[in-house]
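Please treat every number below as a calculation from the coordinates, not as lab data. This structure is a prediction, so every number in the text was calculated from the model and none was measured. As a convention, Cβ positions derive from the backbone with ideal geometry for all residues, glycine included, and neighbour counts pool all protein chains shown.
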Protein chains: 2
Amino acid sequence: MAQLSTQPYKGTRDFFPEDMRFREAMFSVMHRVVRSYGFDQIDAPIVEPVDLYLAKTSEEIVGQQIYSFKDRGDRLVAIRPEMTPTVARMVAQRFQQTPKPIRWYSIPNVWRYEQPGKGRLREHWQLNCDIFGAASEQLADLELLQLAVDLLRGYGASDAHFKIYLSHRAILNGVLGDELQLPQDKWANVARMMDKRAKVKPEAYAAMLEAEGVSAGQRANLDLFLNDKIDYLKARPQLGGASYIVELMQALENLGLGNYIEYDPAVVRGFDYYTGMVFEVFDTHPENRRSLFGGGRYNNLVGAFGKETLNAVGFGMGDVTLEDFLRTHRLLNDQPRQVELYIALLDEKLAAHALKLASQLRQRGKTCEVSLGAAKLGKQIQEAEKKQIARVIILGEDEVASSVYSVKTLATGEQQKLTLEQI
Amino acid sequence: MAQLSTQPYKGTRDFFPEDMRFREAMFSVMHRVVRSYGFDQIDAPIVEPVDLYLAKTSEEIVGQQIYSFKDRGDRLVAIRPEMTPTVARMVAQRFQQTPKPIRWYSIPNVWRYEQPGKGRLREHWQLNCDIFGAASEQLADLELLQLAVDLLRGYGASDAHFKIYLSHRAILNGVLGDELQLPQDKWANVARMMDKRAKVKPEAYAAMLEAEGVSAGQRANLDLFLNDKIDYLKARPQLGGASYIVELMQALENLGLGNYIEYDPAVVRGFDYYTGMVFEVFDTHPENRRSLFGGGRYNNLVGAFGKETLNAVGFGMGDVTLEDFLRTHRLLNDQPRQVELYIALLDEKLAAHALKLASQLRQRGKTCEVSLGAAKLGKQIQEAEKKQIARVIILGEDEVASSVYSVKTLATGEQQKLTLEQI
């Protein structure tokens, strides 16, 4: 048989111990901050029926990026490309007996068939936080944004490191429909062109819009919308979502979060399911200026399970872009190993004593590795150094006889005679 | 469109908050005990090329139980049915630069297409612990068995709750080949019949063996092997694995683990890859008397990646059977929610103050839920009770003006006026 590759599947990662320590340090901040808000952790199978995603995920993902297949019972299933449809399914299963608001979070791995690149892999982990059934949607939106800020602050980030841009799904629709009077079938294309506005020459931008049937007058109104930002909304309280965003910005200011958050009319979010406030968190670093994560309000998703509509707001934050952010700003670095003691064996006959001593040390809360075989002492000490262990217990016949152990601190070379209790 | 089901895929589980708390409590013991031995955590993608399993997993699993499919790049891949081939792949990738012994653990989810039943699901989680490249194989085997005992003791289990039965792959081969002189193509069938010995009538057992060409004399020898246990080995030091097991049992006795471990000639383990010591951990409870987990030595697995042979020993412990064990013996029960405070809102206008107060409490290390909307106070207190929160801060205009808060302890009904620092 051909030799097997030692590499992981394309676009995925193996997590070796140092990778795992970094990931765990990253996740532990998530657990701590999110739990401090009263969010409960959930989890679910990594495989779901494809129907769940056909109903509730964008066509691009289901058509081109989903990992789907038929199981041995001829069911069409998929490896989850995102967690939100699963969370909505679980809420629908339990929402009547669960006290509201429901605050749930999870850190699942999700799969998309993509061409791997910077910040884009086929498997990544994603913190998902969602609030369901809040009496006040505005309060839930506020809390979720507060949480998004606190999460990054949990890593030591400040308003110098990131900015949250928010908008409302109704605003763009109102501008394109009510203000510009564009037919609805043009909206998606025009929104895509707006997205390109900063990246192409003004003439090219004008030509694109003209080709889509947008007149010079309509374009001027669109420019006003994009340039005047919050002032545009304030002047048009009748515009759907406008006064909501004006109020939300004021409330965020009152909460002391004004420096973190801006209204940005260009924020749309790719997914089809958002119904209200939407936001994107951007890295402000000149070399990493891109979206870190985002989310918004999606009030219609749970309804797909035949239950009444339940209001919902949430976000998903990927580990790959977060790691780039944390490393770019040096907010989180590699994490050292945390093993305290190494028991070096001068003679294999003493092995039983070493394993017993290790057991006693562990009962006292110590972390302890035993050398599984007696090599030369120098070699064993080298192994302990490579394993980043601070202290070595040198176990010879004298130590076994007296129960007083030679303990060497590797950083200083200092050697002490200690009893079990003193180690 | 047809209404979507709220149920998870057949044979899998949703983890609601109470399930997740139990799972986390269960896993936290694993992390603590395994790390105290100096094991490093790893992880890997849940999808691997099918080739990896064709080379290194039993035919039954690959042929009948694996979740495999072609990806969009026409690669034949599978959702992992077990973790060991992946761990071997990762060791092969790194083993030259990694100080030995390598102690790695992981708690992956794994998938098998099975008919769901008690203790048998399509997705389950599994603690995997492996030791690679130990200078002394016997010391590594000893440490792994010590760890298996300590893991269950970590939940409060004792020798009254479980027993580890161990054997050696060479022993059975030696008995069937050298002692009974049976041709090798009969070994697997005879081993299966031995497994049925306790479950069928003696005559039926004799008839089965006879049909397989086992004479009455050979059967008597086989009975001796199964009945005499360790004495059979002691009488035949030339039998492969025999003296090793006799020594190992003595070393375990010296380690104070004698009560936990027995030699059992019937332990074989299904997998094809074991090469030395094998073991199964059994629940001793009369209603749950079955295998909890098992493992053994597999020295040839890493070699499939073209590297030199690396000695390896490990086990995999599934969460479903472990949960049954822990609940049967009442060693681990449902875990309560851990949210300390609930802020009830008397008026929605006070929301900003509530969110700010919550933020200050969280900065002081408290866990705090805010009522996202002002309902009647009684209803909010009910919600807090349902959410198992011990104390409620009642936020009205007086509280906002004075920064002195009414705090109600739900269990006693006691109400106090406290400042932020006192809460």
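Here are the numbers for this structure:
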| quantity | calculated |
| --- | --- |
| Of A:LEU341, A:GLY396, A:GLN415, farthest towards positive along the dipole that unit charges on Lys, Arg, Asp, Glu beta carbons give segment A:341-422 | A:LEU341 |
| Per-selection metrics, segment A:269-388 (Cα): Rg and Dmax in Å | 26.4, 72 |
| Rounded to whole Å, sorted largest first: equivalent-ellipsoid semi-axes of segment B:52-137, Cα gyration tensor | 27, 17, 11 |
| In sequence order, calculated HN-Hα J values of segment A:409-423 (Karplus, 6.51, -1.76, 1.60; Hz; x Gly/Pro) | 8, 5, 5, 9, x, 4, 10, 10, 9, 10, 7, 3, 5, 7, 5 |
| Relative pair counts by distance (%), Cα atoms of chain B, 10 Å bins | 4, 17, 22, 21, 14, 10, 7, 3, 1, 0 |
| Helix axis angle, B:242-254 relative to chain B longest principal axis, alpha carbon, degrees | 40 degrees |
| Cβ-placed point charges (K, R +1; D, E -1), dipole of segment A:93-172 about Cα centre in debye, nearest 20 | 260 debye |
| Rg to Rh quotient for segment B:341-422, alpha carbon positions, Kirkwood Rh | 0.91 |
| Percent of beta bridges antiparallel (DSSP, segment B:341-422, rounded to nearest 5) | 55 percent |
| Point-charge dipole on Cβ atoms (K/R +1, D/E -1) for segment A:320-423, about Cα centre, debye to 20 | 100 debye |
| Cα-only radius of gyration and Dmax that characterise the protein assembly as shown, units Å | 31.1, 103 |
| Whole-Hz couplings from phi, Karplus 6.51/-1.76/1.60, listed for segment A:333-344; x for Gly and Pro | 10, 4, 9, x, 5, 10, 10, 8, 9, 10, 9, 8 |
| Computed helical MRE - 222 nm, the protein assembly as shown, DSSP H runs ≥ 4 contributing -39500 (n - 2.57), nearest 500 | -10500 deg cm²/dmol |
| Between segment B:317-364 and segment A:112-136, the Cα center-to-center distance that results, in Å | 24 Å |
| Cα long-axis angle, helix B:137-153 against chain B (0 to 90 degrees, to the nearest 10) | 40 degrees |
| Candidates per trypsin sites (Lys or Arg not before Pro) in segment B:169-255, loop by DSSP, up to 12 other Cβ within 10 Å | B:LYS199 |
| Two-site label geometry, B:ASP334 and B:ASN189: point separation in nm, points 7 Å out along Cα→Cβ | 5.3 nm |
| Where GluC sites (Glu not before Pro) fall in DSSP loop in segment B:250-318, at most 16 other Cβ within 10 Å | B:GLU287, B:GLU308 |
| Positive-end extreme of charge dipole, segment B:162-282 - chosen from B:ASN173, B:ALA206, B:ASN254 (charges on Cβ) | B:ALA206 |
| Placed amide H near B:MET277: partners under 5 Å, 5+ positions off or other chain | B:ARG169, B:ARG297 |
| Choice from B:PRO99, B:PRO108, B:PRO49 showing the highest fluctuation, given a GNM over chain B with Cα pairs closer than 10 Å | B:PRO99 |
| Pairs beyond 27 Å (Cα-Cα), from A:LYS376/A:LYS408; A:LYS118/A:LYS196; A:LYS163/B:LYS408; A:LYS163/A:LYS234 | A:LYS163/B:LYS408 |
| Residue of A:ASP141, A:ASP324, A:ASP195 that the Gaussian network model of chain A assigns the largest fluctuation, springs spanning Cα pairs under 10 Å | A:ASP195 |
| C-alpha center-to-center spacing [segment A:157-173, segment B:167-240] in angstrom | 72 Å |
| Per-residue HN-Hα couplings for segment A:224-236 [Karplus 6.51, -1.76, 1.60; θ = phi - 60°; Hz; x = Gly/Pro] | 4, 4, 6, 8, 6, 6, 4, 5, 4, 5, 4, 6, 10 |
| Cleavage-rule hits, GluC sites (Glu not before Pro), segment B:365-423, DSSP coil, Cβ neighbours within 10 Å at most 16 | B:GLU414 |
